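For reference, the structure discussed in these notes is given below.
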Amino acid sequence: MTLSQLVADYGYAAVFIGSLLEGETVLLLAGIAVHRELLSFAVVVGVAFLGGTLGDQLLFRLGRRYGTAILERWPVLARRAVPVHFQIRRHENVLIVGVRFMYGLRLVGPFVIGMSEVSASKFALLNILGAAIWAPLVVGAGYLFGETLSWLITDLGHYEALGLLLVVAVIALVVLVRRRSQDKS
């Protein structure tokens, strides 16, 4: 089985699962797959929009219901919540729309917003708006990156194995850096 076949077979599921969580890396890679015509731009954006919206809604609900108990149990998460608490009071609407663009706050942001006085309906509407901006923007950036790669490398097919190895190495590096930064916190 080739990398192209794996992407074609499981790409949309990966986009959905990835966008439930952090999502940017998966969406950038999906944008490259769209450029290579392995996936559809409209479907990737739709799946990312749905996953991003549902993931943030779930985190908001968890924060609303279990926020204090979870923050007491995980002090690292509690430290990340401090700037979100501060920003909610100052820039509530902008924070809700833009939290998915803020590195390090993508998961904790909706959770902490759920602990605030923000109504569930207001969060839902602004969350939908944020996802509607985020999904096509990040997928589009991946598509443009794929376009740039195709200019640099005329035949990407010869480099699939190297590309797969590079993707795995980058993901491993990101995970390692995040774990290290969390351990230091």
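When the test is whether a residue is within 18 Å of Ile128 (Cβ to Cβ), hydroxyl-bearing (Ser, Thr, Tyr) and modelled with pLDDT of 90 or more, Ser19 passes it.
In the set Leu105, Leu125, Leu176, only one residue is more than 30 Å from Met1 (Cβ to Cβ), at pLDDT 80 or above and out of contact with any strand residue (DSSP E or B) (no Cβ under 7 Å at 6 or more places or on another chain); that residue is Leu125. Residues considered: Leu58, Leu50. Of these, the only one that is within 11 Å of Ala135 (Cβ to Cβ) and either surrounded by 16 or more Cβ atoms within 10 Å (Cβ to Cβ) or not hydroxyl-bearing (Ser, Thr, Tyr) (or both) is Leu50. Pairing residues of the stretch 1-17 that are free of Cβ contacts under 8 Å to residues at least 60 places away in the same chain with residues that are among the charged types (D, E, K, R), at Cβ distances under 9 Å and at least 6 apart in sequence or on separate chains, gives Met1/Asp9; Val7/Arg36.
Give the residues of the stretch 1-51 that are under 24 Å from Gly104 (Cβ atoms), part of a loop (DSSP other than H, G, I, E, B) and of a type in the set (A, V, I, L, M), sorted by residue number. Matches in the stretch 1-51: Leu21 only. Is it the case that Ile32 is closer than 27 Å to Arg180 by Cα, touching a residue at least 24 places away in the same chain (Cβ under 8 Å) and out of contact with any Pro (no Cβ under 7 Å at 6 or more places or on another chain)? Taking the combined requirement at face value, the residue does not satisfy it. The residues in the stretch 108-122 that are closer than 25 Å to Thr25 by Cα, at pLDDT 90 or above and not hydrophobic (A, V, I, L, M, F, W, C) can be counted, and the count is 1.
In the stretch 72-87, which residues are without any contact (Cβ under 8 Å) to a residue 12 or more places away in the chain and either touching a helix residue (DSSP H, G or I) at 6+ places or on another chain (Cβ under 8 Å) or not in a helix (DSSP H, G or I) (or both)? Explain how you work it out, then say what you get.
First, the residues of the stretch 72-87 that are without any contact (Cβ under 8 Å) to a residue 12 or more places away in the chain: 72-75, 78, 82, 86-87.
Listed by number, the residues that qualify are Glu72, Trp74, Ala78, Gln87.
Taking the stretch 102-148 as the range and being within 12 Å of the chain's Cα centre (by Cα) and either more than 20 Å from Val43 (Cα to Cα) or acidic (Asp, Glu) (or both) as the test, the residues that pass are Met102, Tyr103, Gly104, Leu105, Arg106, Leu107.
The values are calculated or read from the model by the stated rules, or taken from the named source; none is laboratory data. Since we're looking at a predicted model, the values are computed, not measured. FYI the Cβ positions are ideal-geometry reconstructions off the backbone, even for glycines, and counts take in every protein chain you see.
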